[in-house]
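Report on one structure; see the data block that follows.
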Amino acid sequence: MLRSYFIVAFRTFSRQKAYSLLNITGLAIGLAGAFLIYTYIIDELRYDTIHPFHKNTYRLGTHYIPEDGNERKYSSAPALWSGQLKEQFPGVKSILRSIWVGFPYSIHYKDKDRIILTEELFLVDNSFREVLYFDVIAGNRETALQDVNSIALSESTAKKIFGSEDPIGKILSVKHMYGTEGQELNLAVTAVFRDYPANSSYQPSYLVPLGSLRTIWDYYDDMFTGWLNGFMVSYVVFEEGADVEQIKKAFGELVAENLDEESGQFIPILTHIHDVHFDDEVKWHNEGSGDITHLHIFGSIALFLILIASINYMNLATARSSKRSREVGMRKVMGSSRYQLIFQFINESFLTTLLSLFLCLILVLLALPVFNTLAQKNFTFGDFFDIWLLAGLGIILFFVSILAGSYPAFYLSKFKPVEVLKGGKLNIRGSNPLRQILVIFQFSISLFMLICSGVLMNQIHLMKNSKLNEQGQQILSIRYGGGIAP
């Protein structure tokens, strides 16, 4: 029985090649746009979920309120704060402190006389592997950062410096005007870890133990003792089920008790790692933050694209109803029930959508380079085989099949065999008004999106060609001695 439905559907496609191609192409274009947008939204919502305890991981920052009322919020906090959280509150599982100095470090591989300048070097606690993602592919993960004279490299960085050589045990000389106070640190490569995905706010290429600075910085130990000393990037992992709000409140009181009133008011900020990317009050990482409002807009656009493509299919199928009226009449005379006819047309809609999905994937593959440029992402075709994206494809397949095929199915199955076979005029009450409403809705959405696109393009053109932008192009930023001077 089911086999016959598919045979009839394919015969219908073969008899109406141009019509079928138009339907499949229209759906494919709409689905391709929606699929790319859906991919972008999923990627943004999964920011920082790569870390092993991301559900219980928080960033520790500082809210500073001076006497003049000029409030400021910092993405770092004194090193002692996270230490006190770990010591004073049983609900804290582990902490990580990290320093990013900024400005280029000099990485010198003296054996081959290769020098690389980089800003992606982070000084970290030995607890790094207990808090953040650390997928070691060469070396020992447990001992990689125990030795203060060690360094771990990302996979791409190791290839850049050493090529096909085995990097483990090789010596790199690290130098920075401020970070190492102009001195060279000779560090042995102890591990190579996988590159972090683009949707991670922490993007290290080099990891060096904090303890390597003990012999260089005279004030090293002081950074971990004062309540306002040694501002560092800090991560806090809480135990499962810990009352974070209660700990935050108690810790705020502890900080206030140990600070003088003259220094101003310092309030700890604990922000869940999932919220860091969309936080518009604190700049937690240098790449800038995302905007959840944009995701809502993009999600609405994707939904509109699917609706437009589905309505287009419904209207085309209903408009060609007269071509299939005799087929419906004959099927009813031969004993087919209305429900069997409905299933037949829904099945055709399903096959049309399935073929559209295959064409959609081809269009996505072709448009991927342009989309990556627009979205500032690095998606590959392999990223589309993510379990959530595949589940989304399944939902879209089911949703569009039902949405696009339901009205034609119910409309065509209402035909009366006697009227159809006699060649009488078809008149199904309510069909024309509904089609008119769908057409108006379809064109309204299309017109709305075109107007919004036009306004957006005009705004971008204005920003690029405004006098203010021309003046900005006359400003140079020149690095001198590790610093930046305008």
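Looking only at segment 440-483, which residues are surrounded by 11 or more Cβ atoms within 10 Å (Cβ to Cβ) and either modelled with pLDDT under 65 or on the phi > 0 side of the Ramachandran plot (or both)?
If the condition is that a residue be surrounded by 11 or more Cβ atoms within 10 Å (Cβ to Cβ) and either modelled with pLDDT under 65 or on the phi > 0 side of the Ramachandran plot (or both), then N469, R479, G482, G483 are the ones that fit.
Looking only at segment 176-186, decide whether some residue is open to solvent by 50 Å² or more (accessible area, probe 1.4 Å) and either aromatic (F, W, Y) or at pLDDT 95 or above (or both).
Yes, that holds for at least one residue.
Can you tell me which residues in segment 198-247 are closer than 30 Å to T380 by Cβ, outside any loop (DSSP other than H, G, I, E, B) and open to solvent by 20 Å² or more (accessible area, probe 1.4 Å)?
If the condition is that a residue be closer than 30 Å to T380 by Cβ, outside any loop (DSSP other than H, G, I, E, B) and open to solvent by 20 Å² or more (accessible area, probe 1.4 Å), then V233 is the only one that fits.
Taking segment 426-439 on its own, how many of its residues are in a helix (DSSP H, G or I) and either among the polar types (S, T, N, Q) or at pLDDT 80 or above (or both)?
So the answer is 3.
Six or more apart or on different chains, Cβ under 7 Å: which pairs go from a residue in segment 155-184 that's touching a residue at least 24 places away in the same chain (Cβ under 8 Å) and over 30 Å from W217 (Cα atoms) to one that's open to solvent by less than 40 Å² (accessible area, probe 1.4 Å) and not hydrophobic (A, V, I, L, M, F, W, C)? Could you list them?
Taking only residues 6 or more apart or on different chains, not a single pair turns up.
Please count how many residues of segment 358-391 are closer than 16 Å to A28 by Cβ and at pLDDT below 80.
Summing the residues that are closer than 16 Å to A28 by Cβ and at pLDDT below 80 in segment 358-391 gives 1.
Can you tell me which residue in segment 358-381 is least open to solvent (accessible area, probe 1.4 Å), limited to those that are more than 20 Å from the chain's Cα centre (by Cα) and not β-branched (V, I, T)?
Here the residue is C360.
Identify all residues within segment 264-312 that are in contact with a strand residue (DSSP E or B) (Cβ under 8 Å, 6 or more places away or on another chain) and hydroxyl-bearing (S, T, Y); write none if there are none.
T271, the sole residue that qualifies.
The values are calculated or read from the model by the stated rules, or taken from the named source; none is laboratory data. Everything numeric here is computed off the predicted structure, so don't read it as measured data. Cβ: placed from backbone, ideal geometry, glycine included. Neighbour counts: every protein chain shown. For the accessible areas, the whole protein counts, side chains as well, though only heavy atoms, and no ligand, DNA or RNA atoms are used. Shrake-Rupley method; radii C 1.70, N 1.55, O 1.52, S 1.80 Å.
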